[in-house]
Amino acid sequence: AEVRLAALAGLQRLGDTTLPQQVLAMLEDPEVQVQSAALALVLAAPGGPAYAQAQRQWEAMLDSGDTTTYLAALAVFPSIPETPLQGRLYRALDHADTAVRCAALQVLLVLAQARRLPSVDAALLQVLEAEEVEVRSGTLQVLIALGTDEALTHILVLLDDEQPQIRDTLTRALPLFGQRAVAPLFARLRSPQV
């Protein structure tokens, strides 16, 4: 599987426009990571001959109860220009498995860095209160990457987080917001709850 994944990555870097048609056989690969990589290539080119089949297979993987399959399906999101299934990515933030929530946050981070997230979603704000530090940290990274005033307001809630690494990440990120951070930061610091 590692060799096949490396071959797919190498072929993709070469920029071959026929690659989505050439990887169709890999949609049936026994390894879900290879299937996921092939799906990403096929779904990145809407209108291709196997697009509908790949879309159905991807949806089935997103509905899977198997964690490995579900994680592989989440990894497809950054490769697709636009999809009505983005809501499923936010639903993954409610998953019982911490690894799934962290994987969904990593995908959201990639989308935020590519400016493909329109705004702060309510599901993202809910995981700011998660018990797991890695989930809160991942959420913080997504909000920082969004870089909006709305994201800044929610980021400042973590100023009194019990984990020093969360507070350190936050204080290092505040300069990225520049002068926009000054007023909300002072307002937050004056709050009696902080």
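Looking at region 62-76 only, could you name the residues that are open to solvent by less than 60 Å² (accessible area, probe 1.4 Å) and in a helix (DSSP H, G or I)?
L62, T67, T69, Y70, L71, A72, A73, L74
When you look at T153, is it surrounded by fewer than 17 Cβ atoms within 10 Å (Cβ to Cβ), among the hydroxyl-bearing types (S, T, Y), more than 29 Å from A72 (Cβ to Cβ) and in contact (Cβ under 8 Å) with a residue 12 or more places away in the chain, yes or no?
On the way: surrounded by fewer than 17 Cβ atoms within 10 Å (Cβ to Cβ): yes; among the hydroxyl-bearing types (S, T, Y): yes; more than 29 Å from A72 (Cβ to Cβ): yes; in contact (Cβ under 8 Å) with a residue 12 or more places away in the chain: yes.
Considered against the rule, which asks whether it is surrounded by fewer than 17 Cβ atoms within 10 Å (Cβ to Cβ), among the hydroxyl-bearing types (S, T, Y), more than 29 Å from A72 (Cβ to Cβ) and in contact (Cβ under 8 Å) with a residue 12 or more places away in the chain, T153 comes out as yes.
Within region 115-125, can one find any residue that is β-branched (V, I, T) and open to solvent by 30 Å² or more (accessible area, probe 1.4 Å)? First the steps, then the outcome.
As a first pass, look at region 115-125 and keep what is β-branched (V, I, T): 120.
Now narrow it down to the ones that are open to solvent by 30 Å² or more (accessible area, probe 1.4 Å): none.
No: region 115-125 contains no residue that is β-branched (V, I, T) and open to solvent by 30 Å² or more (accessible area, probe 1.4 Å).
Would you confirm, using the coordinates I've provided, whether T98 is within 18 Å of L140 (Cβ to Cβ) and either free of Cβ contacts under 8 Å to residues at least 12 places away in the same chain or surrounded by fewer than 15 Cβ atoms within 10 Å (Cβ to Cβ) (or both)?
On the way: within 18 Å of L140 (Cβ to Cβ): yes; either free of Cβ contacts under 8 Å to residues at least 12 places away in the same chain or surrounded by fewer than 15 Cβ atoms within 10 Å (Cβ to Cβ) (or both): yes.
In short, yes.
Residues checked against (1) modelled with pLDDT under 85; (2) of a type in the set (V, I, T); (3) crowded, with 20+ Cβ neighbours inside 10 Å:
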site: T18; (1), (2), (3): yes, yes, no
site: E28; (1), (2), (3): no, no, no
site: Q35; (1), (2), (3): no, no, yes
site: G47; (1), (2), (3): yes, no, no
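Collect the residues in region 49-61 that are open to solvent by 30 Å² or more (accessible area, probe 1.4 Å), outside any loop (DSSP other than H, G, I, E, B) and not basic (K, R), keeping them in residue-number order. Write out each step before concluding.
Step one: list which residues in region 49-61 are open to solvent by 30 Å² or more (accessible area, probe 1.4 Å), which gives 49, 51-53, 55-57, 59-60.
Pick out the ones that are also outside any loop (DSSP other than H, G, I, E, B) and you get 51-53, 55-57, 59-60.
If the condition is that a residue be open to solvent by 30 Å² or more (accessible area, probe 1.4 Å), outside any loop (DSSP other than H, G, I, E, B) and not basic (K, R), then Y51, A52, Q53, Q55, Q57, E59, A60 are the ones that fit.
I'd like to know if region 28-47 contains one or more residues that are without any contact (Cβ under 8 Å) to a residue 40 or more places away in the chain and among the hydroxyl-bearing types (S, T, Y).
No, region 28-47 has no match at all.
Considering V107, V135, which residue is part of a helix (DSSP H, G or I), open to solvent by less than 70 Å² (accessible area, probe 1.4 Å) and closer than 15 Å to R88 by Cα?
Numbers: V135 fails: closer than 15 Å to R88 by Cα.
Within the list V107, V135, the selection yields V107.
Does D161 satisfy being acidic (D, E), surrounded by 13 or more Cβ atoms within 10 Å (Cβ to Cβ) and within 13 Å of the chain's Cα centre (by Cα)?
Values: acidic (D, E): yes; surrounded by 13 or more Cβ atoms within 10 Å (Cβ to Cβ): yes; within 13 Å of the chain's Cα centre (by Cα): no.
Against the criterion (acidic (D, E), surrounded by 13 or more Cβ atoms within 10 Å (Cβ to Cβ) and within 13 Å of the chain's Cα centre (by Cα)), D161 does not qualify.
On the given criteria, is Q141 open to solvent by 30 Å² or more (accessible area, probe 1.4 Å), under 30 Å from A9 (Cα atoms), touching a Ser or Thr at 6+ places or on another chain (Cβ under 9 Å) and not charged (D, E, K, R)?
Numbers: open to solvent by 30 Å² or more (accessible area, probe 1.4 Å): yes; under 30 Å from A9 (Cα atoms): yes; touching a Ser or Thr at 6+ places or on another chain (Cβ under 9 Å): yes; not charged (D, E, K, R): yes.
Against the criterion (open to solvent by 30 Å² or more (accessible area, probe 1.4 Å), under 30 Å from A9 (Cα atoms), touching a Ser or Thr at 6+ places or on another chain (Cβ under 9 Å) and not charged (D, E, K, R)), Q141 qualifies.
Can you spot a residue in region 50-72 that is of a type in the set (S, T, Y), modelled with pLDDT of 85 or more and farther than 22 Å from L93 by Cα? Don't jump to the end; show me each part of the working.
In the first step, residues of region 50-72 are kept if they are of a type in the set (S, T, Y); the result is 51, 64, 67-70.
Next, only the ones that are modelled with pLDDT of 85 or more stay: 51, 64, 67-70.
Still in the list and also farther than 22 Å from L93 by Cα: 51.
Yes, region 50-72 contains a residue that is of a type in the set (S, T, Y), modelled with pLDDT of 85 or more and farther than 22 Å from L93 by Cα.
Would you say Y90 is open to solvent by 20 Å² or more (accessible area, probe 1.4 Å), among the aromatic types (F, W, Y) and in contact with a Ser or Thr (Cβ under 9 Å, 6 or more places away or on another chain)?
On the way: open to solvent by 20 Å² or more (accessible area, probe 1.4 Å): yes; among the aromatic types (F, W, Y): yes; in contact with a Ser or Thr (Cβ under 9 Å, 6 or more places away or on another chain): no.
No; evaluated as a whole, the condition is false for this residue.
The values are calculated or read from the model by the stated rules, or taken from the named source; none is laboratory data. Keep in mind that what you see is a predicted model, and the values were worked out from it rather than measured. When we count neighbours, we look across all protein chains shown, and the Cβ atoms used for this are built from the backbone with ideal geometry, even at glycine. Just so you know, the surface numbers come from the protein's heavy atoms only, side chains and all, with ligands and any DNA or RNA stripped out. Shrake-Rupley method; radii C 1.70, N 1.55, O 1.52, S 1.80 Å.
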